[in-house]
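Student: The structure that follows is given in the form of structure tokens.
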Amino acid sequence: MSDLASAAVEQVYRQHRTRMLAALVRALGDFELAEDALQEACSQALRKWPRSQVPDDPFAWLLTVARNHALDRLRHARMARAKLPAPPPETTVMSEKQLVDLGDERLSLIFTCCHPALAEDARSALTLQAVAGFTAAQIARTFLVAETALAQRLVRAKRKIRDAGITFEVPADHLLPERLRGVLGVLYLIFTRGYTVPDASLRQEALRLGKLVAALMPDEPEAHGLVALMLLHDSRSAARFTSDGELVLLDDQDRSLWNTGEIAEGMALLDRALRFGSPGPYVLHAVIAALHVQDPVDWSRVAALYAELLAVAPTPVVELNHAVAVAMVDGPEAGLALIDGIAGLDSYHLLHSARADLLRRLDRRPEAVAAYRLAHDLAVSPADRRFLAGRMRSLEAKCHNDSPGAENLR
């Protein structure tokens, strides 16, 4: 019975952890207390279920015990009266319907983790921990920070939610566009990190959460656009690196390795998003990603879409991508002129990599080598550094007759 009880606890925790945590955070208004209470409930289940039997509704049992444990702690700290109404008797097991309000609590949890009052770097970390179940150690490795610093970041974010009285809910309609952008931004940041490292678990978690948001907010085209964008990028993951970990540029990728199922799913979602009209940034990005899986790529259309994106959501990275697309249409000189006018990307290795490629195509070899060297020194990924070092060696060793390519399109 002990093994059965342990398996039952593990199963309900794995399947329903996010929903249980969401219900407790809503009831308690305190992330840390909710997490501690849920852990205590699981510990009690491991002790009690082997001696009796697994409850008919283990989900509700764990929620009830966790809530009662939290209320006991609040009562002992003389905070119960101010925090919550008196709890029901501990012997009364509350139903799931009583503990989890109508609507999907997971969506409220995502919006809480991405509240604009929280520091931007804390939002993604808190989302990964609270919604995706990542440990502090896993998140620290993901974002290349010390575990102690990451743990402190999480603690500050949770206490900010408690002390600021941040409400646990999907925001009102008039606040939704701004708040939704923040949520989608965090999910795309998680995906991008997983795409760059690369880390399939991060990409899949971002996709899972993105699909959850899109399913629960079916009339939000940007949510569908983001999922489409992630799917179209993810479809090429198997072709982006060789078997020994070397980077492969878009033009050189083996298309037979692309995931056609993800491409089809992404295209269907993109079509749905476009039917709403007036495409936003994620929908435009997804249209560009869709063009990149076509053969040949329509670079004139890509350049036009980046120009449209610059009008909607201008960023230096979009400027860079626009410049690369223009170079593919109007030649390297036109693209280089645009790149040299971009401000704010001096430490971004892909700017110098793209610039080096255009200089190479213009037969300006010494300048190209210098730009490749700068890109190499700024790059963090070992695969990127190896790729750029190879380009430097190749340029120094032979004539400048390489085929053209866009280094920042991967």
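Rule-based calculations on the coordinates, nothing more; no lab input. Quick caveat, the model's predicted, so the values are computed rather than measured. Note that each Cβ is placed from the backbone with ideal geometry, even for glycine, and that neighbours are counted across all protein chains shown.
Student: Once you have a ≥ b ≥ c as the square roots of the Cα gyration tensor eigenvalues for segment 145-233, tell me rounded if a/c is under 1.5, and otherwise prolate or oblate according to whether a/b is larger than b/c.
Tutor: Oblate.
Student: Relative contact order, percent, of segment 298-410 when contacts are C-alpha pairs under 8 Å separated by at least 6 residues?
Tutor: The value is 22 percent.
Student: What list do you get for S394, S237 if you sort them by fewest beta carbons within 10 Å?
Tutor: S394, S237
Student: A follow-up question, please. Work out, in µm²/s and without decimals, the Stokes-Einstein translational diffusion coefficient of segment 198-258 at 25 °C, 0.890 mPa s, Rh from Kirkwood over C-alpha pairs.
Tutor: Diffusion coefficient, whole number: 192 µm²/s.
Student: Grab the Cα-Cα distance for A307 and R75, subtract it from 0.36 nm times how many residues apart they are, and report the gain in nm with one decimal. Kindly include the intermediate steps, with their values, before the conclusion.
Tutor: Values: separation 232, 0.36 × 232 = 83.52 nm, distance 5.92 nm.
This chain segment gains 77.6 nm when fully extended.
Student: Rounded to two decimal places and with Rh computed the Kirkwood way over Cα pairs, what is Rg over Rh for segment 298-410?
Tutor: My calculation puts Rg/Rh at 0.96.
Student: Further question on the same structure: When the chain is modelled as a GNM with alpha-carbon springs shorter than 10 Å, which of P58, P50, P332 fluctuates the most?
Tutor: Maximum fluctuation in the GNM of the chain, among the listed residues, is at P50.
Student: Can you give me the relative contact order of segment 113-205 as a percent, contacts being Cα pairs under 8 Å and 6 or more apart?
Tutor: 29 percent.
Student: Please state the relative contact order of the chain as a whole percent: Cα pairs under 8 Å, 6+ residues apart? Please report the intermediate quantities before stating the final value.
Tutor: On the way: 519 pairs, mean separation 41.0, N = 410.
Relative contact order for the chain comes out at 10 percent.
Student: Using the alpha carbon gyration tensor of the chain, what are the three equivalent-ellipsoid semi-axes (square root of 5 times each eigenvalue), largest first, in whole Å?
Tutor: Each semi-axis is the square root of five times an eigenvalue, giving 48, 22, 20 Å.
Student: Now for a separate question. Once the Cα gyration tensor of segment 1-45 is found, what semi-axes does its equivalent ellipsoid get, as square roots of 5 times the eigenvalues, in whole Å, sorted largest first?
Tutor: Result for segment 1-45: semi-axes of 22, 11, 6 Å.
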